[in-house]
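Heads up, the thing below is written out as structure tokens.
The values are calculated or read from the model by the stated rules, or taken from the named source; none is laboratory data. Keep in mind it's a predicted model, so treat the numbers as computed, not measured. Using ideal geometry, Cβ is built from the backbone for each residue, glycine included, and neighbour counts are taken over all protein chains shown. Accessible surface is based on the protein model in full, side chains and every heavy atom, while ligands, DNA and RNA are left aside. Shrake-Rupley method; radii C 1.70, N 1.55, O 1.52, S 1.80 Å.
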Amino acid sequence: MAEPLVRFEGVRKAYGPAASGYAVRQLDLAVERGELLTLLGPSGSGKTTTLMMLAGFEQPSEGHILLEGRDIARLPPHKRGIGVVFQSYALFPHMSVAENVGFPLEVRGVPKAERAGRVARALAMVRLEGFGDRRPAQLSGGQQQRIALARAMVFEPPIVLLDEPLGALDKALREEMQYEIRALHQRLGLTMMYVTHDQAEALTLSDRIAVFEGGLVRQLAPPREIYERPANAFVAGFVGENNRLAGKVLAAEDDLVRVALDCGPEVSARPVDCGPPGSRCWVTIRPERVAVAPVAPQDLGEGALAATLQEAIFQGDHVRLRLALGQGDEARGEVLVKRPVGGGQLPAIGGPAALAWEAAHALAYAA
Ligand code: ADP
Ligand code: MG
């Protein structure tokens, strides 16, 4: 296999004395050429620190970072040739758009005659040709962020780093920009490392997602695998909505485990990282994988769970149902269900319901 473009090897970072903790605890991560790799995780999980070490604004406490096979520890940021885009646009307000975009070329000593053509091409890439003479203040937030992107790409860096670049934009614009960045990445074959705490954004954009927690990568995989096969209970809970039911492993049967849920019923699930019989576990099931029918307790089919519908909220393209497991006074534990509009008859609010899902969609994790 070809050498990855970037490789973090045994990288750790403590801002203060190591005894007071690591912002990045242990990082071994390769960024392949041409991929868009997203660092996804809650605030404080070490994403920005990782990006800053690659950009050269922070130094690792331990370990090595290789760019195209070369250790870059001693290279200052401007010699690494990496493009960076931050949440705040950080455009120079007193310069025109063209001067902003041309700035990285100017500091690299590219002659003026050549700069104009390259700036025009970079502006065309972000669909802002003809905006060169304006000032940043005359542009919308989305346009300013596209200028920042053009400025990060204009010197054709081997990799562009983006740290929550859409964080300041409203939802509609953010989504539009996600598709735009994705298209740009695909069209130009750019390698990008993208930081976000927004899981929907990560699913939309990424070739692969590294899910961060507490300074560690908890899973590294393509979006679909992150969503459908979370490697541990943290990822299962952090990416996408999920139901999580506590229980105890009873027995292993073929490639499933039998679990006694604390709320009463027994279910089968696919074991991901759960322990042997007797150990505590979580069973997770996605809201869109749960089928709901208005069924009286005496008519429950085999394997169906008795529940009570508490709330149904119309959301346009789907209905969100909140159900309590159990019926009447026995109700314990809650399950969220999403189902398409027009998906059959709903139970009455407060009325009995049957829940069912395919065992293969329920995943069991160590608690
Ligand atoms: P994220 O980008 O995932 O929100 P950061 O990498 O910014 O996380 O932060 C990781 C941890 O390092 C946090 O606990 C944060 O408080 C700490 N940290 C970040 N930057 C600094 C700094 N310049 N000095 C001291 N601690 C920092
Ligand atoms: Mg951050």
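Quick notes
- Over segment 147-268, the fraction of Cα-Cα pairs per 10 Å bin, rounded to whole percents and listed from the shortest bin up, is 11, 33, 28, 13, 11, 4, 0.
- Ranked from largest, the principal axis spans of the Cα set of segment 53-184 equal 44, 39, 27 Å.
- Ordered from largest to smallest accessible area (heavy atoms of protein chains, 1.4 Å probe), the residues Cys281, Cys263 come out as Cys263, Cys281.
- Convex hull per residue volume in Å³, alpha carbons only, for segment 6-235: 127
- Across the chain: Cys residues that no other cysteine approaches within a C-beta distance under 4.7 Å: Cys263
- Seen against the Cα atoms of the chain and their longest principal axis, helix 112-125 is set at about 20 degrees.
- Cα pair distances of segment 242-366 binned at 10 Å [whole percent]: 14, 45, 31, 10, 0
- Which of Phe314, Phe103, Phe131, Phe57 is most accessible, then next, and so on - probe 1.4 Å: Phe314, Phe57, Phe103, Phe131
- Val110 accessible area, assembled protein chains, probe 1.4 Å, Å²: 20
- Apolar share of the accessible surface for the chain: 51 percent from carbon plus sulfur atoms, 1.4 Å probe.
- If R0 equals 56 Å, the separation of the Cβ atoms of Arg280 and Glu114 corresponds to a calculated FRET efficiency of about 0.30.
- Spatially, segment 279-318 and segment 98-118 are offset by 60 Å when compared through their Cα centroids.
- Contour excess over end-to-end distance, with Cα ends at Ala366 and Glu129 and 0.36 nm allotted per residue: 79.9 nm
- Take Ser140: with every protein chain present and a 1.4 Å probe, its accessible area is about 60 Å².
- Where N is the number of residues in segment 229-298, Cα Rg divided by 2.2 N^0.38 Å: 1.16
- Relative to one another, the C-alpha centroids of segment 216-231 and segment 1-60 are positioned 17 Å apart.
- List Thr204, Thr48, Thr196, ordered by accessible area with a 1.4 Å probe, largest first: Thr48, Thr204, Thr196
- Were the residues from Glu156 through Arg12 laid out at 0.36 nm apart, the gain over their Cα-Cα distance would be 48.9 nm.
- Note on Ser96 and Lys248: the extension gain reaches 48.4 nm, defined as 0.36 nm multiplied by sequence separation minus the Cα-Cα distance.
- Over segment 188-269, accessible surface divided per residue gives 39 Å², non-protein components excluded, 1.4 Å probe.
- With the simple model of a label 7 Å out from the Cα in the direction of the Cβ, Glu68 to Gln138 spans 3.8 nm.
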